[in-house]
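Asks: For reference, the structure I am asking about is given below.
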Amino acid sequence: MRHNDKVNNSAVGLDVGTSRICLAQRVGEEFQYETQLNAFVTIPFSKMTESVLKKEKVPHTVSGPDIVVHGNESDRFADVLNIETRRTMDKGVLNPAEPESLGMLRKIVESLLDPVKDRQKLCFTVPAAPLGAEDNLTYHEATLRRIVTDLGYEVKSINEGLAVIYSELENSNYTGIGISCGGGLCNVCVAYLSVPVFSFSIPKAGDYIDTSASAVTGERANRVRIVKEDSFHFNGFFADKLQQVLGVYYDEMIQSLVQGMKQAFANSRNLPKSNRPLPIVLSGGTALPVGFRERFEKALAETDLPIAVNDIRVAEDPLHASAKGALVAALADA
Amino acid sequence: MHGVRLIPRNFVGRFIESRAGRIQDPVQRLRYLQSNLGSITGQPVLHAAKSRRIGKLAILGLALLFAGSLIPKYNASSSGKAPIAAQPMARVAVARDAAAVNAADAVPPDTIPNVWLVDQTRDFETYSNGLRIDDRYVTPHERRAFYAIFQRGAADASQPEWRSEPAGIVYHTTESDQARFTPDQNARLKRIGKAVIGVVQQNHSYHFLIDRFGQVFRIVPEADVANHAGYSVWADGKVLFVNLNSSFLGVAFETQTQRGDLPSANPAQVHAARILTEMLRAKYHIPQSNCVTHAQVSVNPDNMLVGYHTDWAGNFPFRDIGLSDNYAVPPASIYAFGFGYDPAFVHATGVRLWQGLALAEDEMKTRAAARGIPVSRYRAILQKQYKEVLAALKATASDKSS
């Protein structure tokens, strides 16, 4: 940070993803981010354990006979204890199968956001409705709105795919297709001059790859995710079975995404026929592997999409693009 | 699907777009677009508005906005930033310290085999040791140009030396589907083998492929580069190689990696690999010490760990192929560039490779002690050197492409 730079306190962006929650702030001309894993683990309570966690400044809460470690540290504990992390969200929304989802989501959000008194603007991301299904996001969105409002913010929401467009497609005046490949969902949004034309989501994303690969290989899904994020890339052949399996499910996810786009465009019978090709931006942790863009482009090339695209690229900062877009939206509204 | 509530008319849209394009600040630009689009209809813009009725209006508006031109088909360009790993990498060899590799010095005397070409047709080559190479699937790729050698002692990346001949062989496994190796599976074995050849051709993955029956196929000509080794490091008794795609030839066995010491290749494949290795060593004067497996050379610059690929990590039949057992040679990636390794890699390797890993760690500790600095600091220095070499490689590749 430069000497004369200071945090722009007028607005913040919050990307609430199935696997991670990311806070974006503007400092001078730059954007800064802070991320927490949207997960937690429980370990048996003992005074010694609690003392160590306090000493190491590991975010945790005591809940009856358990200590709950949440956020980034939960990953490490899960790996050491050879257990799966528990997730507050599933497929882009609050996890209905997790009794602690609401409380832990609040804890994780509070670990990123300080309470404010001056109604600071905050924009958070929400997923689009699944393709071909009715919108079922009301409870999720209302819950998040409540959590953040309780901290003193003036809140609005933004579609995750649109946030990607706000983050990356400045040069095309926010016209194009934003795709966020996250943990629970792939979100797609088409926008013209910053205005969303349509958006949708598909339920095959990072978690689908992890659980599917886990079932085939016998590795824990959490371990699969770590391997996937650390070392997986597309290169034709894979040196071990896990990499090979990951490649198979990645391909399936990409196919679903492309077919989803085809179906969505097909369903829009009055879709405008632009004489200008649209740019596409890919973002999110699932879009990180080397070769993902090329694989997506190849799948798209093999599909008759009723719209021309001219530039498929991965976001400059794929892990933070949605949060940045949410911040841009919040700042524009401030 | 979510809809939208407003769309400007054509000329207004163009005007707004033109004005917005002159605004540098992304937030200001968005604010301008939203405020002006809102003023056209007298309504504020909503993000992800949920009314289907409004969505239909938006689409109708967009239909008016865009000219009714013919639908261009997909014409995606590849103008996006290509990941570094996808770019053809030049290869660098770095002269290594004379005392770097003890185990390499312990290798038995290295005699280059005497093998010559006996017969050559359009489709096949026959050699004096019985090797027969099928050339029907040859797929030319990027020509192997001169490659840079950085003198490690001088550490002057701007003044490289150059070489052009293949310096070694990297052995791979295709990790492709495996049918049972029995007579009743002949048709399936052949079908899978053909498919593997197709994929290898398409990706220019290796120079040679040895199928389940021990047939040797030339896929990428030796004069060209194959995409077989990616980020990789190896050293022989004299020089250190970084990124072996163009400096080493790639030979793949159609097989899957087996854990521990189980054999990954059948006798026919081992025999074919032996006579192919003899021919290549004879043709290019390749020392035994430069005949290695992919697992031994593969590195991941992102996390600075070795063993990004683990094919032939523990059971490569060096002796049966007529080579000294290079598993015991400490990987140069560790002692020369400070790479580490994790339990997952150790789990994937056999006992033989562990010796090399341990030796490399010892070598690095000894060197750090000789300089009177902690191992962690010495490792950081080595890793910095590696980054510099990679940067030089990238610059070389960039120069070539321009």
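Coordinate-derived values only; no laboratory data. As the structure is a prediction and not an experimental result, all values here were calculated from the model. When we count neighbours, we look across all protein chains shown, and the Cβ atoms used for this are built from the backbone with ideal geometry, even at glycine.
Asks: When the convex hull of the C-alpha atoms of segment A:210-268 is computed, what volume per residue in Å³ does it have?
Replies: On the way: hull volume 5.3 nm³, N = 59.
Hull volume over Cα atoms, normalised by residue count, gives 89 Å³.
Asks: Given the options A:A308, A:A299, A:A128, which has the most mean-square fluctuation in a GNM of chain A, springs set between C-alpha atoms less than 10 angstrom apart?
Replies: Most flexible of the set in this elastic network: A:A308.
Asks: Something else now. Give me the percent relative contact order of segment A:171-314, please, defined on Cα pairs under 8 angstrom at least 6 residues apart. Walk me through the numbers before you get to the answer.
Replies: Working: 220 pairs, mean separation 39.0, N = 144.
Relative CO of segment A:171-314 lands at 27 percent.
Asks: Could you give the distance between the Cα centres of segment A:283-304 and segment B:306-371, to the whole Å?
Replies: If you average the Cα positions of each part, the centres end up 35 Å apart.
Asks: Could you tell me which trypsin sites (Lys or Arg not before Pro) in segment A:61-157 are loop residues by DSSP with no more than 16 other beta carbons within 10 angstrom of their beta carbon?
Replies: Working: sites: A:R76, A:R86, A:R87, A:K91, A:R106, A:K107, A:K117, A:R119, A:K121, A:R145, A:R146, A:K156; in loops: A:K91, A:K117, A:R119.
Answer in residue order: A:K117, A:R119.
Asks: Taking the alpha-carbon set of chain A, what are its Rg and Dmax in Å?
Replies: 20.0, 67
Asks: Need one value for B:208-220: mean number of C-beta atoms belonging to other chains within 10 Å of its residues' C-beta atoms.
Replies: Details: counts 0, 0, 0, 0, 0, 0, 0, 0, 0, 0, 0, 0, 0.
Mean shielding by partner chains, rounded to a whole number: 0.
Asks: Specify the inter-centroid distance of segment A:20-35 and segment B:194-230, based on alpha-carbon positions, in whole Å.
Replies: Spelled out, the Cα-based centre of one part sits 46 Å from the other.
Asks: While we're looking at this one, here's another question. Quick one: compute the contact order of chain A, relative version, from alpha carbon pairs under 8 angstrom and 6+ residues apart, as a percent. Don't skip to the answer; put the middle values down first.
Replies: Details: 682 pairs, mean separation 66.0, N = 334.
It rounds to 20 percent for chain A.
Asks: Taking a threshold of 21 Å on the Cα-Cα distance, which of the pairs A:K121/A:K324; A:K156/A:K324; A:K57/A:K156; A:K91/A:K228; A:K54/A:K228 fall above it?
Replies: In this structure, A:K57/A:K156; A:K54/A:K228 exceed 21 Å between Cα atoms.
Asks: Shifting gears a bit: Tell me the Rg and the Dmax, in Å, that the Cα atoms of segment A:171-314 produce.
Replies: Rg, Dmax (Cα atoms, Å): 15.8, 50.
Asks: How are the Cα pair distances of segment B:261-301 distributed, in percent, across 10 Å bins from 0?
Replies: Histogram of Cα-Cα distances, whole percents per bin: 23, 44, 29, 4.
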